[in-house]
Amino acid sequence: MSAATCSTGALRGPARVEINEVAPRDGLQIEPIVVPTDAKVAFVDALSACGFARIEATSFTSARAIPALADAEALMHRMQRHPGVRYTALVPNLRGLERALSCRPDEVNLVMSASETHNRANLRMTRQQSQAQLLAMIAEAGAAGVPVNVSLSTVFGCPFEGEVDVGAVMDLAARFADAGAAGITLCDTTGMAYPNQVAAMCERFQSKLPQTGLTIHLHNTRGMGLANAVAAWETGVTRFDAAAGGLGGCPYAPGASGNVSTEDLVHMFDCMGVQTGVDLKALLGIVGGMSGLVGREVHSQLLSAGPRLRTHQAPAWLAEHFAGQG
Ligand code: COA
Ligand code: ZN
């Protein structure tokens, strides 16, 4: 148990969860500066020592769309692979899959949006075109022996269209699961999700697709990130995406801001007595250096406040004021 642990009472969800660290991809894709490859390699290598189940190291997108991650191959070849970690990468199309497969990922994370307008803005394809590419990619990755996860963006709301039809989200998930995707990630791309919505969607997913690994990807745009994580966890969800330092956001989603921060999520689960496998102290050490990595101040609530049992010296005047009062 870590120093932050203060578990009291029965757990209302799984005793163990897995964290997929997405800062190298979802975080660095939106930063205004391009982080040099050397610094990215050092960042991923440091994260690899923290105990994450997965690290989403980069994306194989067009350099015009996401210039910050144009060095995907170099990063994948140069980072040190830690035995306990699965390294994955985001892939939007067949061209990206071919590039990814040349780098021996442990799995690939395909992506499309549940809403038409966001899919067109982000991927420059209709949903139908994306779906066709993804089905072909599942077959190609399967033939190469690489497991596939599909991330569905904007499932809890679209910044262009508003509410998104849950039935259509479930149909899309089922289509990819039937085609061979081992996992699906339900993404709250712009922080529109709220807790009972998340719980209802997770319950529906797990009853419809009990064999398919479910991951939840949350942004803290409106401050509901951790509440949504707890809501998902209480329905039995064990896999969470999160970004160190709360980095992140989609460049094609107006108003998008950071992912739920990994240190907040790990600290919360530590407090609750839920195992994450992540070394919070090591992670905070990395977060402390992230302002240097991205060239701007990275504000982390947990780094500022410390874990909840970090105590402080009482004011010096107390001893004198209460002298002799036991
Ligand atoms: N990797 C590298 N280059 C790629 C590529 C890929 N995966 N896919 C396409 N390209 C190149 C093409 O070769 C072409 O290059 P050229 O102009 O030198 O001939 C150019 O990009 C345009 O190709 P096209 O098929 O017309 O793609 P597009 O411009 O319609 O863009 C995507 C489609 C999907 C590649 C692009 O929108 C993209 O990468 N989006 C990712 C968005 C993202 O990651 N968002 C955040 C995470 S959800
Ligand atoms: Zn995201």
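All of the numbers you see were taken from the coordinates with simple rules; none came from a lab. The model shown is predicted, which means the values in this text are computed figures rather than measured ones. Because the Cβ atoms are built from the backbone with ideal geometry, glycine has one as well, and the counts that use them run over all protein chains shown.
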Response to the item:
Across the range 235-265, the tally of residues that are more than 10 Å from ligand 2 (Cβ to nearest atom), over 23 Å from R308 (Cα atoms) and in contact with a helix residue (DSSP H, G or I) (Cβ under 7 Å, 6 or more places away or on another chain) stands at 4
Fill in: Subset of the range 85-105 that is in a helix (DSSP H, G or I) and near ligand 1 (Cβ under 9 Å from one of its atoms) - its residue that is nearest to A57 (Cα to Cα)
A100
Worksheet entry | Matching option when the condition is within 16 Å of ligand 2 (Cβ to nearest atom), of a type in the set (A, V, I, L, M, F, W, C) and either under 19 Å from the mean Cα position of the chain (by Cα) or closer than 21 Å to I216 by Cβ (or both), among L123, L110 | L110
Worksheet entry | Residue check, A179 in contact with a Lys or Arg (Cβ under 7 Å, 6 or more places away or on another chain) and surrounded by fewer than 24 Cβ atoms within 10 Å (Cβ to Cβ) | no
Item to complete: Answer yes or no as to whether G191 is part of a loop (DSSP other than H, G, I, E, B), crowded, with 21+ Cβ neighbours inside 10 Å and in contact with an Asp or Glu (Cβ under 6 Å, 6 or more places away or on another chain).
Response: no
Worksheet item: Quick check: anything in the range 74-94 without any contact (Cβ under 8 Å) to a residue 40 or more places away in the chain, more than 30 Å from L280 (Cα to Cα), away from ligand 2 (no atom under 16 Å from the Cβ) and crowded, with 17+ Cβ neighbours inside 10 Å?
Response: no
Discussion item. It is to be established whether one or more residues within the range 106-129 are part of a loop (DSSP other than H, G, I, E, B), charged (D, E, K, R) and within 13 Å of ligand 1 (Cβ to nearest atom).
Written reply: yes
Discussion item. I'd like to know if the range 152-162 contains one or more residues that are away from ligand 1 (no atom under 16 Å from the Cβ) and either more than 19 Å from T215 (Cα to Cα) or assigned to a helix (DSSP H, G or I) (or both).
Written reply: yes
Discussion item. For the range 294-310: of the residues being of a type in the set (A, V, I, L, M, F, W, C) and touching a helix residue (DSSP H, G or I) at 6+ places or on another chain (Cβ under 6 Å), which is surrounded by the most Cβ atoms within 10 Å (Cβ to Cβ)?
Written reply: L302
Item to complete: Exactly one condition in (1) part of a helix (DSSP H, G or I); (2) in contact with a strand residue (DSSP E or B) (Cβ under 9 Å, 6 or more places away or on another chain) is not met by F43; state its number.
Response: (2)
Response to the item:
Going through (1) touching an Asp or Glu at 6+ places or on another chain (Cβ under 9 Å); (2) among the charged types (D, E, K, R); (3) under 22 Å from L172 (Cβ atoms) one by one, R78 fails only at (3)
Fill in: Every residue from the range 170-188 that is of a type in the set (A, V, I, L, M, F, W, C), away from ligand 2 (no atom under 16 Å from the Cβ) and either over 17 Å from T212 (Cα atoms) or outside any loop (DSSP other than H, G, I, E, B) (or both)
M170, L172, A173, A174, F176, A177, A179
Response to the item:
Scanning the range 217-256 residue by residue, those more than 13 Å from the chain's Cα centre (by Cα) and within 16 Å of ligand 1 (Cβ to nearest atom) turn out to be T221, P251, Y252, A253, P254, G255, A256
Discussion item. Based on this model, can you work out whether R175 counts as more than 19 Å from R127 (Cβ to Cβ) and touching a residue at least 12 places away in the same chain (Cβ under 8 Å)?
Written reply: no
Worksheet item: When only residues in the range 135-151 that are small (G, A, S) and touching a strand residue (DSSP E or B) at 6+ places or on another chain (Cβ under 9 Å) count, which is farthest from ligand 1 (Cβ to nearest atom)?
Response: G142
Item to complete: Determine whether the range 57-73 contains at least one residue that is more than 11 Å from ligand 1 (Cβ to nearest atom), in a loop (DSSP other than H, G, I, E, B) and in contact (Cβ under 8 Å) with a residue 40 or more places away in the chain.
Response: no
